[in-house]
Every structure is written in structure tokens, then in C-alpha cells.
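Since the structure comes first, as C-alpha cells, the remarks are kept for the end.
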Amino acid sequence: QVQLVESGGGLVQAGGSLRLSCAASGRGFKINTMGWYRQAPGKQRELVATITSGGYTNYAESVKGRFTISRDNAKITVYLQMNSLKSEDTAVYYCNARWGSVSWGQGTKVTVSS
């Protein structure tokens, strides 16, 4: 089983920045795609960004140009650099890893005040 632990959420003013981290643990598994999803109050969980083991990235239109996903394969850690944050980015952000099955982190809350 692959376990994911997120960190880096918090409260930030609109226009500010935050960096989320997600560290994976577990032996004997090859993790392919890692990514970030988010769920705002009263809304469905949605894709934010994903990155493959080869570094190919995919972003939701709403975050393109503002968010950057990156990955350290040696540390099995994925990052989400969020710049120019808006109030609509307020949500619980979940890390995701695909390795033959799927694992989710516990979520980290991001609140953007306007």
C-alpha cells in the first residue's frame, strides 16, 4: 500500500503564494502519475494538476499559468507551487498517486482571503 502525507496548506491573502508538498511511502511499488485535486465546500472534487514519472504535466484551465506541479522521484514527493492565489482557490487539496491502485492523502486546507 502507498501512503501519502500532505503539508503546506494554510491561510493566505489573495495574490499570495503557497507551496504544497506530498510525500509518498511504501515499499515495492512503482508510482506512476501523481497529482493534486481539490474540493471546495459544496462542490465535487476536481483535478488541479498531474505529473507522470517522466515529468509530463497536465493542468486544469483555471490554474494554468499560476500553479506549477513538480516531482522529486528520488524522494517520491510531489509539490504544488501556487502563485497569484484567488479566493476561488479556497479548498481542501488532496494528493493522489497511481501505482496499479490509487492512494489519496488526508487533505490539506487552503484558504485564500480576499
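The values are calculated or read from the model by the stated rules, or taken from the named source; none is laboratory data. Quick caveat: nothing in here was measured; it's all calculated off a predicted structure. Ideal geometry is used to build each Cβ from the backbone, glycine not excepted, and the neighbour counts take in all protein chains shown. What goes into the accessible areas is simple: the full protein's heavy atoms, side chains included, and nothing from ligands, DNA or RNA. Shrake-Rupley method; radii C 1.70, N 1.55, O 1.52, S 1.80 Å.
Brief remarks follow.
- Percentage relative contact order, segment 1-103, counting C-alpha pairs under 8 Å, at least six apart: 36
- On a per residue basis, the chain carries 54 Å² of accessible surface, using protein heavy atoms and a 1.4 Å probe.
- Around L20: net Lys/Arg minus Asp/Glu count, Cβ-Cβ under 13 Å: +2
- Lysines with Cα under 28 Å of K86, excluding same-chain neighbours fewer than 8 positions away: K43, K64, K109
- Over segment 5-114, volume per residue of the alpha carbon convex hull, in Å³: 92
- Taking packing as the residue-averaged number of other Cβ atoms within 10 angstrom, the listed peptides 40-48, 98-106, 75-83 run from highest to lowest as 75-83, 98-106, 40-48.
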